[in-house]
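In what follows, a single structure is set out as structure tokens and then discussed.
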Amino acid sequence: MSPETITAAVKAAMPEVMTELAELVSHASCAFPGFPAEPVHAARKSVMRMLAKAGLETRELDLGAGYPAVWGEIEAPPGAPTVLLYAHYDIQPAPMAQGWDSDPFKAVMRDGRLYGRGAADDKSGIAIHAATLRAFAGKPPVGIKLVIEGEEETVSNLEAYVNKHPELFKADVMIIADMGNITCGEPVLTTTLRGHVQCSVEVRTLDHPLHSGVFGGPAPDAFVSLIRLLNSLWDERGNTAVAGLRAFDWPGADYPVDLYREMAGMLPGVEVVGDGSIASKLWSQPTVSVLGIDGPPPIAEAGNVLLPSAKAKVALRIAPGADPDAELAILEKHLLAHAPWGVVVEVHDIKASDAFKAPMGGPAMAAAMAALATAYGKAPSEVGSGGSIPLLETLAKASPGAEFILWGAEDALANIHGANESVHPDEIERMAIAQGLLLATLGGQ
Ligand SMILES: [Zn+2]
């Protein structure tokens, strides 16, 4: 199929795909524990109907626990590579208290965008896959393995399943449609993700709580000691100050600072902290955060008491290419070494998940860049992602040598996980065209 034919076929498929996406948004498919299961099952059935209409018969993939994934396969034509298409049908919760302007589960068009929870993250990814398959009338020029997960936003059972059945997920190219351009109409390819490590740090100073007046002064209390210790994690300018962590300057596109401020909801006057570009700070430098503290009581219950012990949960986003176990060890060593006043410090691992770096220089990456350039009419740039998707490393291990294409319709305005999530239909259309062009190139067309 020629690029013109693929473009025309995707455009023709779009009205129906957008109607199906709106229907998919109506299912509140939050897979978190404690949320109703029925809408999750309904969303999965809806995904299966949507794919059947696109020419792909799917089945439920029982992962041994939790919600099944949707699985579909089309055998590769002789000599053609196999491409795995990934997206997820579960969503984040959408409480009205987040500030929604309309019912999150009634998809509505406003100012050219479709609003609703999951419209972007990641039901738009399913729409992209459906539109791509429709363009080939169910006969793509490559082999297809399609997996639509139902537990991406919560504790996922897919990773363990891939580890147990790596052969099922073997593919030459993995297309993960759960990303997006920063700005609508400006194509990017995501090539790295940061990893994530966490530990707990506990400080002990006394063998019992003390009256803050009678004893306060000479004896360090644990909470103040913990504050001093945690403060050593940043320098004056707000850079992460843990020596020895991997970091590099982001070589691709930058993230516009004004857009970042707006998307982050930074209040007027609050400074952007740390050295380097926004892109480097988000995608290729380590970032340390404190996620929780145990020890001090809530203010309403706080008496005049010095605390004997206090504990914090410390998290570190690590740069692509860094070894999570090594970075976690560096963080823990820093915490042990910076304890003030001889206080007792104990650290414990919580988790260490890999960063991700897409293999570069392969034919699929080049074809994806060319496909984006054709679909958008401008050259794409390379970006990273500050978040982590542990599944990618698992897929990479199941399919050594596979290339990874990370893209999608979740632009910065999509406000995924927040109020008034939305997607631009043109982004879905352009991404489906790009994906169709990519499959055609990979299939030798
Ligand atoms: Zn997602």
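The values are calculated or read from the model by the stated rules, or taken from the named source; none is laboratory data. It should be emphasised that the depicted structure is a prediction, and the values quoted were computed from it without experimental measurement. When we count neighbours, we look across all protein chains shown, and the Cβ atoms used for this are built from the backbone with ideal geometry, even at glycine. When the accessible area is computed, the model is the full protein with side chains, heavy atoms only, and any ligands, DNA or RNA have been set aside. Shrake-Rupley method; radii C 1.70, N 1.55, O 1.52, S 1.80 Å.
Label segment 360-444 by shape, choosing from rounded, prolate and oblate, from the square roots a ≥ b ≥ c of the eigenvalues of the Cα gyration tensor; if a/c is under 1.5 it is rounded, and otherwise prolate applies when a/b is larger than b/c, oblate when it is not. It is oblate, given that a/c is not under 1.5 and a/b is not larger than b/c. Are there GluC sites (Glu not before Pro) in segment 47-92 that DSSP marks as loop and that have at most 12 other Cβ atoms within 10 Å, and which are they? Passing both the DSSP loop test and the Cβ count: E57, E75. Under 20 Å of direct C-alpha separation, and excluding same-chain neighbours fewer than eight residues apart, K11 reaches these lysines: K53, K123, K139, K378.
In debye, nearest 20, what is the charge dipole magnitude of the chain about its Cα centre with +1 on Lys and Arg Cβ and -1 on Asp and Glu Cβ, if you could check?
Roughly 380 debye, rounded to the nearest 20.
Between V108 and E262, the distance separating the two model label sites (each 7 Å from Cα on the Cα→Cβ line) works out to 2.2 nm.
Along each principal axis, taking the top coordinate minus the bottom one, the Cα set of segment 276-318 gives 45, 18, 12 Å in descending order.
Restricting the calculation to Cα atoms, segment 224-280 shows an Rg/Rh of 1.04 when the hydrodynamic-style radius is the Kirkwood one.
Only one residue of L291, P363, G321 has its Cα farthest out toward the positive end of the dipole of segment 287-376, where Lys and Arg carry +1 and Asp and Glu -1 on Cβ, and that residue is P363. When the Cα positions of V83, A69, T19 are compared along the charge dipole of segment 1-83, T19 comes out farthest toward the positive end, with charges on each C-beta of Lys, Arg, Asp and Glu.
When each of the peptides 248-254, 148-154, 336-342 is scored by how many other beta carbons lie within 10 Å of its residues on average, the order from highest to lowest is 148-154, 248-254, 336-342. One Cα centroid belongs to segment 223-244, the other to segment 91-142; the line between them spans 41 Å. Can you spot the aspartates and glutamates whose alpha carbon is less than 20 Å from K164's alpha carbon? Ignore those fewer than 8 places along the same chain. Qualifying aspartates and glutamates at Cα under 20 Å: E60, D62, E73, E149, E151, E152, D172, D354, E393.
Put a dot 7 Å past the Cα of H417, heading toward its Cβ, do the same for I293, and the two dots end up 2.3 nm apart. What size of dipole, in debye to the nearest 20, comes out for segment 136-285 about its Cα centre when the only charges are +1 on Lys and Arg C-beta atoms and -1 on Asp and Glu C-beta atoms? In total the dipole reaches around 320 debye. A protection proxy built from the mean count of other Cβ atoms within 10 Å ranks the segments 415-423, 181-189, 292-300, most packed first, as 415-423, 181-189, 292-300.
Using R₀ = 45 Å, calculate the FRET efficiency as 1/(1 + (r/R₀)^6) where r is the Cβ-Cβ separation of A247 and K164; round to 0.05.
0.80
The residues of segment 243-377 expose on average 52 square angstrom of accessible surface per residue, using a 1.4 Å probe on protein heavy atoms. In order along segment 293-307, the phi-based Karplus estimate (6.51 cos²θ - 1.76 cosθ + 1.60, θ = phi - 60°) of 3J(HN,Hα) comes to 9, 10, x, x, x, x, 3, 4, 9, 7, x, 7, 10, 8, 7 Hz; Gly and Pro are listed as x.
Can you give the alpha-carbon Rg of segment 269-393 over 2.2 N^0.38 Å, where N counts its residues?
1.52
According to the square roots a ≥ b ≥ c of the eigenvalues of the Cα gyration tensor, what is the shape class of segment 26-164, taking rounded for a/c under 1.5, prolate for a/b larger than b/c otherwise, and oblate for the remainder? It is oblate, given that a/c is not under 1.5 and a/b is not larger than b/c. Taking the Cβ of E332 as the centre, find all other residues whose Cβ is under 15 Å away and add up their charges (Lys, Arg: +1; Asp, Glu: -1). Within the 15 Å Cβ shell, the charges total -2.
Of the solvent-accessible surface of the chain, computed with a 1.4 Å probe over protein heavy atoms with every protein chain present, carbon and sulfur atoms account for 55 percent.
Is the chain best put as rounded, prolate or oblate by its Cα gyration tensor, with a ≥ b ≥ c the root eigenvalues, rounded for a/c under 1.5, and otherwise prolate when a/b is larger than b/c, oblate when not? Since a/c reaches 1.5 and a/b is larger than b/c, the shape of the chain is classed as prolate. Distance from the C-alpha centroid of segment 12-37 to that of segment 42-63: 12 Å, rounded to the whole angstrom. Tilt of helix 123-135 relative to the longest C-alpha principal axis of the chain, in degrees (0 to 90, nearest 10)? In the chain, helix 123-135 runs at an angle near 20 degrees to the longest axis. For segment 4-19, 3J(HN,Hα) computed residue by residue from phi via the Karplus equation (6.51, -1.76, 1.60; θ = phi - 60°) reads 5, 5, 4, 4, 5, 5, 5, 4, 5, 7, 4, x, 5, 5, 5, 5 Hz, glycine and proline entered as x. In the chain, if the dipole is taken from +1 on Lys/Arg beta carbons and -1 on Asp/Glu beta carbons about the Cα centre, which of S280, T240, A222 is farthest to the positive end? Going by the charge dipole, the pick is S280.
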